[in-house]
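First comes the structure, then the notes that go with it.
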Amino acid sequence: MIRPDWHIVEQWITPRSRVLDLGCGDGSLLSHLIERRQVSAVGLELDDDQVAACIEAGLNVIQEDLDSGISDWFAPMSFDFVIVSQTIQAMRHPERLLADMLSIAREGIVTFPNMGYWRNRVQLGLLGHMPFNRALPNPWYNTPNIHLCTLTDFETLCDELGLEIIDRAVVDSARRESALLRAFPNWFGEHAIYRIKRRV
Amino acid sequence: MSDASHKITATGSNHSVGIVQPQHAAFTEPLALDCGRSLPSYALVYETYGQLNAMGNNAVLICHALSGDHHAAGFHAETERKPGWWDSAIGPGKPIDTNRFFVVCLNNLGGCKGSTGPLSIDPDTGKPYGPDFPIVTVRDWVNAQHHLMQHLGMASWAAVIGGSLGGMQVLQWSISYPEAIAHAIVIAAAPKLSAQNIAFNEVARQAIITDPEFFGGRYAEQGSIPRRGLMLARMLGHITYLSDDAMRAKFGRELRSGQVNYGFDVEFQVESYLRYQGTSFVDRFDANTYLLMTKALDYFDPAHDYGDDLVAALTPAQADFLVVSFTSDWRFAPERSREIVRALLAAGKRVSYAEIESNHGHDAFLMTIPYYHRVLAGYMANIDLTGSNQSGAL
């Protein structure tokens, strides 16, 4: 099964480029990109089961906690693309990761659940409880997602960090794009996908 | 099903390679050594498990650590109680699957289990080499292993695998013979010893050398054995192979007789354990070999020839790498494995790194830890034996 958001990521990746996936999970996105874009891929992942799954899939994976820093592992500009998929909201220092990732790669691709999605706004603003839904499936007291943000928040941070947004896509829960999403991304986008680089 | 399949033997289960026979290979070409001397001729004792395939591309070399030998898996006799030192990982259906791979393990030069070493007769004098056996390095071992590979009629290894000092041999293989090793599995190793590591080795050596029964290494001629020294060396080694937690879990402060006796006899269980490990080691290991092995460890530093640049040292390597470390290993801590991984990444090599949660210390690399074995098995299963070249190197 190919997720629609992978299709978007895939289109942004140059064939035969060097790709690093931070928080690569079981490596299925990397496998997809190897198959479709013939990239040389490296993943970074902390969870034992996921690391083992990557190795079983024949992928190169480094077992490491993203929060302990990535610039120790990789030389400056050693990748063309670095992907952080559905991970940044779970990090202790997302701003540090964003800066680091664009020191080791030319371009970054970041995907995260949009806190500004209407359902989240209704749950917090009208119903008065923390968002709890398909995109944010954990209760507030037991969630890895400690740094949630909206599209606006993310774009402000990128600006402060001197990062330029090359491209943006928003998708719904089925990870698909639509006209409504394009018109009101911060209201109807359940997940955001950004392509960023350092401002020159 | 035949009756034989139900028979319970010393081999324990159908996951054992069963009864194995050590073999000998004699080499008459002199082997030039790093120390400047050379061995005019030498022999290597080795074991093999599994079958070499028709293409000759499924051979795996296992490199042993400080006190290891060629007997990595299976049993030498039906009556034998303990299998080879890495039986947990080598066998049919095990991570290093002998149904798929032809596994070779040898006793390194300078060893005391059948390969040419201090116990062997020096052809020049007609007496055992003893302390006159030349100092051998990891690179010398790898050169000898390369001769063994050719002796067995193979052009390359599908993988070279080793833990600890064995992992250092794997690194050396990838540098010395880049075209002869497709996959390198480096477990609980380090790119070189730290001052603390060398210090432990030096205490071990001093324990042996200062034993009155050592006789400058010519104890065999005197009909003696430096038992106390070798035992102390082994006891010290064992402390460094275990973690504080592992010792606490295994022994705590448990007393053998249930009460303190205010004396210097064995009282705590940990003392009993160390004494047992020490004394049993004396019966199966040679003191001169122990000295040689610790020196090989101390001298290993492949970056030295490349201006202390490990990245430059590993640049010639063509293998894909799997590096594994264990969280509670303080002898070769995870950080030492990370040094290797960072250098490999910087050199543009394909590498995977797994850090295994374990409280068993350095010894963990010999244990059946589910995640560890899953990683090892997963990596081995992906080794391509079809003969087509892999692509996608960074």
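The values are calculated or read from the model by the stated rules, or taken from the named source; none is laboratory data. If you're wondering where the values come from, they're calculated on a predicted model, not measured in any experiment. No Cβ is skipped: glycine too gets one built from the backbone with ideal geometry, and neighbour counts run over all protein chains shown.
Name every residue in region A:10-23 that is surrounded by fewer than 24 Cβ atoms within 10 Å (Cβ to Cβ) and on the phi < 0 side of the Ramachandran plot, in order of residue number. Before you say what the answer is, go through the steps one by one.
Here is the first cut: in region A:10-23, the residues surrounded by fewer than 24 Cβ atoms within 10 Å (Cβ to Cβ) are A:10-18, A:23.
The answer is A:Glu10, A:Gln11, A:Trp12, A:Ile13, A:Thr14, A:Pro15, A:Ser17, A:Arg18.
If the condition is being closer than 25 Å to B:Gly126 by Cβ and in a helix (DSSP H, G or I), then region B:206-223 contributes B:Phe215, B:Gly216, B:Gly217. Comparison of A:Ala53, A:Ala41, A:Ala57, A:Ala90 shows that the only residue that is at the interface with chain B (Cβ under 9 Å from one of its Cβ atoms), in contact (Cβ under 8 Å) with a residue 12 or more places away in the chain, over 14 Å from A:Gly108 (Cβ atoms) and surrounded by fewer than 20 Cβ atoms within 10 Å (Cβ to Cβ) is A:Ala57.
Out of A:Leu20, A:Leu33, I need the residue that is free of Cβ contacts under 8 Å to residues at least 60 places away in the same chain, more than 9 Å from every other protein chain (Cβ to nearest Cβ) and hydrophobic (A, V, I, L, M, F, W, C). Which one? Lay out the reasoning, then the answer.
Values: A:Leu20 fails: free of Cβ contacts under 8 Å to residues at least 60 places away in the same chain.
Testing whether each residue is free of Cβ contacts under 8 Å to residues at least 60 places away in the same chain, more than 9 Å from every other protein chain (Cβ to nearest Cβ) and hydrophobic (A, V, I, L, M, F, W, C) leaves just A:Leu33.
May I ask you to say which residue of A:Asp47, A:Asp5, A:Asp26 is touching a Cys at 6+ places or on another chain (Cβ under 8 Å) and surrounded by fewer than 23 Cβ atoms within 10 Å (Cβ to Cβ)? Give the derivation first.
Values: A:Asp47 fails: touching a Cys at 6+ places or on another chain (Cβ under 8 Å); A:Asp5 fails: touching a Cys at 6+ places or on another chain (Cβ under 8 Å).
On inspection, the qualifying residue turns out to be A:Asp26.
Of all residues in region A:60-85, those being among the β-branched types (Val, Ile, Thr) and within 7 Å of another protein chain (Cβ to nearest Cβ) number 2. Scanning region B:168-202 for residues that are in a helix (DSSP H, G or I), polar (S, T, N, Q) and out of contact with any Ser or Thr (no Cβ under 6 Å at 6 or more places or on another chain) gives B:Gln169, B:Gln172, B:Ser174, B:Ser176, B:Gln196, B:Asn197.
Residue by residue through region A:100-131, note down the ones that are aliphatic (A, V, I, L, M), over 16 Å from A:Cys149 (Cβ atoms) and surrounded by 17 or more Cβ atoms within 10 Å (Cβ to Cβ).
From region A:100-131, those aliphatic (A, V, I, L, M) are A:101-102, A:104-105, A:109-110, A:115, A:122, A:124, A:126-127, A:130; that's our starting set.
Among the residues that remain, those that are also over 16 Å from A:Cys149 (Cβ atoms) are: A:101-102, A:104-105, A:109, A:122, A:126-127.
Of everything in region A:100-131, those that are aliphatic (A, V, I, L, M), over 16 Å from A:Cys149 (Cβ atoms) and surrounded by 17 or more Cβ atoms within 10 Å (Cβ to Cβ) turn out to be A:Met101, A:Leu102, A:Ile104, A:Ala105, A:Ile109.
Determine, yes or no, whether B:Pro118 is at pLDDT below 95, touching a Leu at 6+ places or on another chain (Cβ under 8 Å) and within 23 Å of B:Phe281 (Cα to Cα). Criteria not met by B:Pro118. Scanning region B:243-257 turns up one or more residues that are touching a residue at least 12 places away in the same chain (Cβ under 8 Å) and aromatic (Phe, Trp, Tyr).
Can you tell me which residue among B:Leu314, B:Leu322 is facing chain A (nearest Cβ under 9 Å) and surrounded by 16 or more Cβ atoms within 10 Å (Cβ to Cβ)? Working first, answer last.
Details: B:Leu314 fails: facing chain A (nearest Cβ under 9 Å).
Matching residue, one of B:Leu314, B:Leu322: B:Leu322.
Would you pick out the residues in region B:114-153 that are among the polar types (S, T, N, Q) and either touching a His at 6+ places or on another chain (Cβ under 7 Å) or over 19 Å from B:Ser174 (Cα atoms) (or both)? Before the answer, list the steps.
Initial filter on region B:114-153 (among the polar types (S, T, N, Q)): B:115-116, B:120, B:125, B:137, B:143, B:145, B:150.
Passing the criteria: B:Ser115, B:Thr116, B:Ser120, B:Thr125.
Could you say whether any residue in region B:73-88 is among the hydrophobic types (A, V, I, L, M, F, W, C) and in contact with a strand residue (DSSP E or B) (Cβ under 6 Å, 6 or more places away or on another chain)? Scanning region B:73-88, I find at least one residue that is among the hydrophobic types (A, V, I, L, M, F, W, C) and in contact with a strand residue (DSSP E or B) (Cβ under 6 Å, 6 or more places away or on another chain), so the answer is yes.
Looking only at residues in region B:371-380 that are surrounded by fewer than 21 Cβ atoms within 10 Å (Cβ to Cβ) and within 7 Å of chain A (Cβ to nearest Cβ), which one is nearest to A:Gln63 (Cα to Cα)?
First, the residues of region B:371-380 that are surrounded by fewer than 21 Cβ atoms within 10 Å (Cβ to Cβ): B:371, B:373-374, B:377.
Then drop every residue that is not within 7 Å of chain A (Cβ to nearest Cβ), which leaves B:371, B:374.
Details: B:Tyr371: 12, B:Arg374: 14 Å.
Among those residues, the one meeting the criterion is B:Tyr371.
Only one entry of A:Leu102, A:Leu97 meets the criterion of being under 22 Å from A:Asn138 (Cβ atoms), touching a Leu at 6+ places or on another chain (Cβ under 9 Å) and more than 12 Å from every other protein chain (Cβ to nearest Cβ), and that entry is A:Leu97. Within region B:89-131, the only residue that satisfies the criterion of being among the acidic types (Asp, Glu) and out of contact with any helix residue (DSSP H, G or I) (no Cβ under 8 Å at 6 or more places or on another chain) is B:Asp124.
Quick check on region A:165-175. Is at least one of its residues modelled with pLDDT of 95 or more, in contact with a Lys or Arg (Cβ under 9 Å, 6 or more places away or on another chain) and within 28 Å of A:Glu64 (Cα to Cα)? The answer is yes, given that some residue of region A:165-175 is modelled with pLDDT of 95 or more, in contact with a Lys or Arg (Cβ under 9 Å, 6 or more places away or on another chain) and within 28 Å of A:Glu64 (Cα to Cα).
Of the residues contained in region A:119-141, none is found to be of a type outside the set (Val, Ile, Thr), under 15 Å from the mean Cα position of the chain (by Cα) and not in a loop (DSSP other than H, G, I, E, B). If you filter region B:346-370 down to residues that are assigned to a helix (DSSP H, G or I) and touching a residue at least 12 places away in the same chain (Cβ under 8 Å), you find that the one that is surrounded by the fewest Cβ atoms within 10 Å (Cβ to Cβ) is B:Ala346. Out of the residues in region B:199-239 that are within 25 Å of the chain's Cα centre (by Cα) and small (Gly, Ala, Ser), state the one that is surrounded by the most Cβ atoms within 10 Å (Cβ to Cβ). Result: B:Ala233.
Just one of the listed residues (B:Asp298, B:Asp308) is outside any helix (DSSP H, G or I) and either of a type in the set (Asp, Glu) or more than 11 Å from chain A (Cβ to nearest Cβ) (or both), namely B:Asp308.
Evaluate the following for B:Ser337: is it away from chain A (no Cβ under 13 Å), among the polar types (S, T, N, Q) and either within 26 Å of B:Gly252 (Cβ to Cβ) or part of a helix (DSSP H, G or I) (or both)?
Working: away from chain A (no Cβ under 13 Å): no; among the polar types (S, T, N, Q): yes; either within 26 Å of B:Gly252 (Cβ to Cβ) or part of a helix (DSSP H, G or I) (or both): yes.
Considered against the rule, which asks whether it is away from chain A (no Cβ under 13 Å), among the polar types (S, T, N, Q) and either within 26 Å of B:Gly252 (Cβ to Cβ) or part of a helix (DSSP H, G or I) (or both), B:Ser337 comes out as no.
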